[in-house]
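Asks: The structure is given below, and queries will be raised subsequently.
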Amino acid sequence: MLELVPRAQPSRRMAWVSPLLALALTALCGVFMFLAVGKSPLQGLAVFFIEPLSSLRGWSEIGVKVAPLLLCSVGLALCFRANIFNIGAEGQLVLGAITAGAFILQFDDGSGSGGGPLMITLALLAGALGGAFWAALVAWLRDRYHANEILVSLMLVYVAQLLLSYLVHGVMRDPDGFGFPQSRLFDQGFLLPVWPGTRLHLGIVLALLAALFAWLLLSRLFAGYRLTVGGLAPLAARYAGFSSRRALWGCMLGSGALAGVAGACEIMGPIGQVTPSVSPGYGFAAIIVAFVGRLHPIGVIFASFIMALFYIGGELSQTRLGMPNAITGIFQGILLFSLLACDVLIHQRLRWRR
Amino acid sequence: MDALAPLIAAAMNAGTPLMLAALGLLINEKSGVINLGSEGMMLVAAALGFALTVQTGSTAVGFAGGAVVGALMAGLFAWLVVWLGANQIACGLALSLFGVGLSASIGLPYVGATIQASTWSVPVLSGIPFVGPALFQHHPMVYGALGLSVLLSLFLYRTRAGLVLRAVGESPESAHALGYPVRRIRLAALLFGGACCGLAGAFMSLVYTPMWVENMVAGRGWIALALTPFATWRPLRVLIGAYLFGGITILTYHMQALGVPIASQLLSMLPYLATILVLVLISRNVDWIRINMPASLGRVFNPNS
């Protein structure tokens with residue numbers, strides 16, 4: 001019988017191999033899933049994993065999805081490292097979209113001449129502030145009243161989504177929009193610059209910069225060191241005088257602001273207006289991205305690429321194979337499960353015992 | 001006065017899925033494991049239960065299917081968490097995210113399908129004016145949930161098996177030293193919790209709405225998670241909390257129907273805001289939670305080390 005034996009040292013090699021093993025396991029589950037619904041597994045996997053990568057358009061669409069995923073997951077990786085389970089990035093993203101949208105609708109007079117780099121920067125800042133505010137509520141309730149941040153941040157997701165729905169049905173609705181619950185389209189001057197011929201927008205650059213900064217923070221700055229110690233050994237951190245409250249506020253505000261920017265980028269990029277659904281669950285998928293990326297700022301770049309591939313692959317298998325779009329969610333869930341199971345091998349090894 | 005009867009009835013109905021799920025989670029947590037996958041298990045059970053009922057025409061089959069699939073998902077969680085020692089928080093989140101996708105695929109062909117609404121009522125008692133329509137014209141599962149809270153209360157505090165379960169949650173090391181199979185007891189508790197969440201999900205799609213809509217559980221799995229500390233891990237207090245939240249949900253619908261000039265979206269925020277408020281109120285006093293919380297909650301136990 002196979003049994004698990006604790007390793008004397010956590011295996012560094014396994015830490016790298018585990019995500020790849022998890023990806024392979026996910027693909028294997030995919031084979032069974034395609035077989036179960038009577039589709040050719042080879043064709044299914046080709047549509048899901050290979051076809052998105054076979055054209056420039058596919059790559060640029062992946063980049064469009066990487067932007068919000070990476071922005072959210074970089075912040076979450078920092079939070080989870082500090083043992084702060086902010087799982088409400090989706091709500092913070094929605095609030096960023098609301099505040100950025102409100103800012104743009106305030107200054108966009110529809111003349112076609114408004115906007116410009118300054119206005120775009122301010123709108124992104126408005127998004128960051130909105131997301132940070134939503135996260136600050138969680139930090140405040142946790143700091144002041146010890147309320148569990150998992151449940152509070154999650155409840156605020158529902159509140160944010162309802163607030164968005166309320167606004168686009170009300171004050172943000174386009175007066176000339178035949179009553180559809182959406183704002184008017186933003187003027188060109190308020191949209192993020194895009195790579196010519198694609199939908200790939202500035203958000204991906206911001207996301208990569210955020211990942212780079214987070215990497216610097218963790219590897220070169222004392223604040224990042226304090227944060228890591230606080231997560232790994234809370235007692236040691238307290239003994240050293242590292243404030244856990246500062247880590248809480250810093251991580252929450254930072255990750256909230258990044259998620260808010262992600263929301264702002266979505267409405268100023270691919271969507272171009274405020275709609276009732278600004279995100280297909282990027283904030284939740286970012287949780288998986290953060291774990292698959294080993295809570296490492298560079299790791300999450302690769303992980304968000306894989307997750308974006310799942311989104312595009314899911315869309316393609318919907319149009320090509322008639323699979324339900326929810327297949328993306330199933331693949332995401334299986335990936336996280338397999339990863340968590342494979343991660344066990346970092347601290348333990350398998351041994352055959354008769 | 002007579003207008004109040006349907007309100008009470010609706011509040012009981014709305015509170016039942018919360019109660020079922022929270023009771024299951026309470027047993028999980030009494031054994032020392034916290035399962036954040038409740039939302040996912042409820043969703044999958046709601047979709048599968050509805051699909052089975054449409055296919056067979058029997059709600060009993062739907063409930064059974066929901067309970068089984070809930071237990072299966074909890075079994076997967078138990079294997080990862082109890083045997084492999086994986087992170088409970090991350091695994092629970094994975095289960096919930098996975099459940100959202102899986103339920104959407106299961107339920108897709110059944111969007112818009114209809115089933116027969118329950119017309120069952122307690123004989124004799126349901127004929128009493130006011131009291132009958134308010135309390136005695138429910139689906140049997142409503143009374144099942146009530147009975148379950150009493151039974152679990154007796155089980156936890158009046159039986160030997162309940163004592164063992166609590167011991168495992170308070171100190172798995174001591175329970176292990178006394179020769180109790182800690183991991184198998186935790187597995188049993190998790191399977192029971194999964195089945196309860198499954199019943200709760202099936203109740204949503206078979207009795208409460210009754211239909212399947214994507215993401216229809218709408219955070220009730222998470223609210224149920226907040227109910228266990230609210231009830232300081234006591235089954236009978238779960239009952240109170242669940243009906244309280246059921247009441248809040250119904251109040252928001254009722255205010256809409258009465259034409260209160262507040263947008264429906266703002267009213268729908270109430271249950272979520274109430275959950276946050278409750279969390280704040282109960283968490284304010286750290287010592288109180290610490291006294292009542294199972295001491296090993298969230299900790300990995302490995303008998304070999």
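The values are calculated or read from the model by the stated rules, or taken from the named source; none is laboratory data. Keep in mind that what you see is a predicted model, and the values were worked out from it rather than measured. Backbone-built Cβ (ideal geometry, glycine too); neighbour counts: all protein chains shown.
Asks: So B:LEU43 clears everything in (1) part of a helix (DSSP H, G or I); (2) surrounded by fewer than 24 Cβ atoms within 10 Å (Cβ to Cβ) except one condition, right? Which one?
Replies: Failed condition: (2).
Asks: Looking only at the range B:275-305, count how many residues are out of contact with any Phe, Trp or Tyr (no Cβ under 6 Å at 6 or more places or on another chain) and within 9 Å of another protein chain (Cβ to nearest Cβ). Steps first, answer last, please.
Replies: Taking the range B:275-305 and keeping what is out of contact with any Phe, Trp or Tyr (no Cβ under 6 Å at 6 or more places or on another chain), we get B:275-277, B:279, B:281, B:285-291, B:293-305.
Still in the list and also within 9 Å of another protein chain (Cβ to nearest Cβ): B:275-276, B:279, B:281, B:285-286, B:289, B:302, B:304-305.
Matching residues across the range B:275-305 total 10.
Asks: Among helices (runs of 4 or more DSSP H) lying entirely in the range A:190-243, which contain 1 or more residues that are farther than 30 Å from A:ASP109 by Cα, in contact with a Lys or Arg (Cβ under 8 Å, 6 or more places away or on another chain) and small (Gly, Ala, Ser)?
Replies: On the way: elements: A:203-220, A:222-232, A:234-239.
By residue number, A:222-232, A:234-239.
Asks: Then there is this: Would you pick out the residues in the range B:266-305 that are charged (D, E, K, R) and farther than 26 Å from A:GLN348 by Cβ?
Replies: First pass over the range B:266-305, keeping only residues charged (D, E, K, R): B:284, B:287, B:290, B:299.
Those that are charged (D, E, K, R) and farther than 26 Å from A:GLN348 by Cβ: B:ARG284, B:ASP287, B:ARG290.
Asks: Can you name the number of the only condition in (1) surrounded by fewer than 22 Cβ atoms within 10 Å (Cβ to Cβ); (2) within 14 Å of chain A (Cβ to nearest Cβ); (3) at pLDDT below 95; (4) under 17 Å from the mean Cα position of the chain (by Cα) that B:LEU72 fails?
Replies: Going through the list (1) surrounded by fewer than 22 Cβ atoms within 10 Å (Cβ to Cβ); (2) within 14 Å of chain A (Cβ to nearest Cβ); (3) at pLDDT below 95; (4) under 17 Å from the mean Cα position of the chain (by Cα), B:LEU72 breaks only (3).
Asks: Looking only at the range B:82-95, how many residues end up being more than 9 Å from chain A (Cβ to nearest Cβ) and aliphatic (A, V, I, L, M)?
Replies: Of the residues in that region, 1 qualify.
Asks: Okay, next question. Give me the pairs: first residue in the range B:221-242 and at the interface with chain A (Cβ under 10 Å from one of its Cβ atoms) and in contact (Cβ under 8 Å) with a residue 24 or more places away in the chain, second residue among the hydrophobic types (A, V, I, L, M, F, W, C) and not in a helix (DSSP H, G or I), beta-carbon distance under 7 Å, and six or more apart or on different chains, which are they?
Replies: B:LEU225/B:LEU36
Asks: Given the options A:PHE331, A:PHE337, name the one that is closer than 16 Å to B:LEU102 by Cα, over 17 Å from the mean Cα position of the chain (by Cα) and either modelled with pLDDT of 85 or more or among the acidic types (Asp, Glu) (or both). Explain how you work it out, then say what you get.
Replies: Details: A:PHE331 fails: over 17 Å from the mean Cα position of the chain (by Cα).
Among A:PHE331, A:PHE337, only A:PHE337 is closer than 16 Å to B:LEU102 by Cα, over 17 Å from the mean Cα position of the chain (by Cα) and either modelled with pLDDT of 85 or more or among the acidic types (Asp, Glu) (or both).
Asks: If A:GLN318 passes every condition in (1) within 14 Å of chain B (Cβ to nearest Cβ); (2) assigned to a helix (DSSP H, G or I); (3) in contact (Cβ under 8 Å) with a residue 24 or more places away in the chain; (4) surrounded by fewer than 24 Cβ atoms within 10 Å (Cβ to Cβ) but one, which one does it miss?
Replies: (3)
Asks: Further question: It is to be established whether one or more residues within the range A:246-269 are free of Cβ contacts under 8 Å to residues at least 40 places away in the same chain, away from chain B (no Cβ under 14 Å) and surrounded by fewer than 20 Cβ atoms within 10 Å (Cβ to Cβ).
Replies: Going through the range A:246-269, the residues free of Cβ contacts under 8 Å to residues at least 40 places away in the same chain turn out to be A:246, A:250.
Okay, now just the ones that are also away from chain B (no Cβ under 14 Å), so A:246, A:250.
Checking which are surrounded by fewer than 20 Cβ atoms within 10 Å (Cβ to Cβ) leaves us with A:246.
Checking the range A:246-269: at least one residue is free of Cβ contacts under 8 Å to residues at least 40 places away in the same chain, away from chain B (no Cβ under 14 Å) and surrounded by fewer than 20 Cβ atoms within 10 Å (Cβ to Cβ).
Yes or no, residue by residue, for (1) charged (D, E, K, R); (2) closer than 18 Å to A:VAL157 by Cβ:
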{"position": "A:PHE222", "(1), (2)": "no, no"}
{"position": "A:ALA236", "(1), (2)": "no, no"}
{"position": "A:GLY241", "(1), (2)": "no, no"}
{"position": "A:GLY250", "(1), (2)": "no, no"}
{"position": "A:LEU253", "(1), (2)": "no, yes"}
{"position": "A:GLY256", "(1), (2)": "no, yes"}
{"position": "A:CYS265", "(1), (2)": "no, no"}
{"position": "A:ARG320", "(1), (2)": "yes, no"}
{"position": "A:PHE331", "(1), (2)": "no, no"}
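Asks: Go through the range A:32-64 and give me each residue that's under 30 Å from A:PRO196 (Cα atoms), touching a residue at least 40 places away in the same chain (Cβ under 8 Å), of a type in the set (Gly, Ala, Ser) and out of contact with any Lys or Arg (no Cβ under 7 Å at 6 or more places or on another chain).
Replies: A:GLY58, A:GLY63, listed by residue number.
Asks: Sticking with this structure for a sec: What's the number of the condition A:CYS251 fails, among (1) modelled with pLDDT of 90 or more; (2) assigned to a loop (DSSP other than H, G, I, E, B); (3) hydrophobic (A, V, I, L, M, F, W, C)?
Replies: In the conditions (1) modelled with pLDDT of 90 or more; (2) assigned to a loop (DSSP other than H, G, I, E, B); (3) hydrophobic (A, V, I, L, M, F, W, C), A:CYS251 misses (2) alone.
Asks: Of B:ILE115, B:ILE106, which residue is β-branched (Val, Ile, Thr), farther than 22 Å from B:VAL238 by Cα and more than 14 Å from chain A (Cβ to nearest Cβ)? Give the steps one after another, and end with the answer.
Replies: Details: B:ILE106 fails: more than 14 Å from chain A (Cβ to nearest Cβ).
Just a single option satisfies the conditions, and that option is B:ILE115.
Asks: Continuing with this model, one more query. Go through (1) more than 30 Å from B:LEU227 (Cβ to Cβ); (2) more than 14 Å from every other protein chain (Cβ to nearest Cβ); (3) not charged (D, E, K, R) for A:LEU232 and report which single condition fails.
Replies: (2)
Asks: Can you name every residue in the range A:127-144 that is more than 19 Å from the chain's Cα centre (by Cα) and of a type in the set (A, V, I, L, M)? Talk me through it step by step, then tell me what you get.
Replies: So the first thing to find is which residues in the range A:127-144 are more than 19 Å from the chain's Cα centre (by Cα), and the list is A:137, A:139-144.
Residues satisfying the conditions are A:LEU137, A:ALA139, A:LEU141.
Asks: When you scan the range B:5-31, how many residues do you find that are over 11 Å from the mean Cα position of the chain (by Cα) and either closer than 8 Å to B:ALA224 by Cβ or not in a helix (DSSP H, G or I) (or both)?
Replies: Total satisfying the criteria: 1.
Asks: With respect to B:PHE98, determine if the residue is modelled with pLDDT under 95 and either more than 30 Å from B:MET293 (Cα to Cα) or at the interface with chain A (Cβ under 9 Å from one of its Cβ atoms) (or both).
Replies: yes
Asks: For the range A:134-177, give me each residue that is more than 9 Å from chain B (Cβ to nearest Cβ), without any contact (Cβ under 8 Å) to a residue 12 or more places away in the chain and either under 19 Å from A:ALA89 (Cα atoms) or in contact with an Asp or Glu (Cβ under 6 Å, 6 or more places away or on another chain) (or both).
Replies: A:TRP140, the sole residue that qualifies.
Asks: Another question about this same structure. For the structure I just gave you, tell me whether B:MET204 is surrounded by 15 or more Cβ atoms within 10 Å (Cβ to Cβ) and away from chain A (no Cβ under 13 Å).
Replies: Values: surrounded by 15 or more Cβ atoms within 10 Å (Cβ to Cβ): yes; away from chain A (no Cβ under 13 Å): yes.
Yes.
Asks: I'm checking my understanding of the structure. Among residues of the range A:178-205 that are among the aromatic types (Phe, Trp, Tyr) and crowded, with 17+ Cβ neighbours inside 10 Å, which one is nearest to the other protein chains (Cβ to nearest Cβ)? So that I can check it myself, show each step before the final result.
Replies: First pass over the range A:178-205, keeping only residues among the aromatic types (Phe, Trp, Tyr): A:178, A:180, A:186, A:190, A:195.
Now drop any that are not crowded, with 17+ Cβ neighbours inside 10 Å, which leaves A:186, A:190.
Details: A:PHE186: 23, A:PHE190: 26 Å.
Only one residue tops the list, namely A:PHE186.
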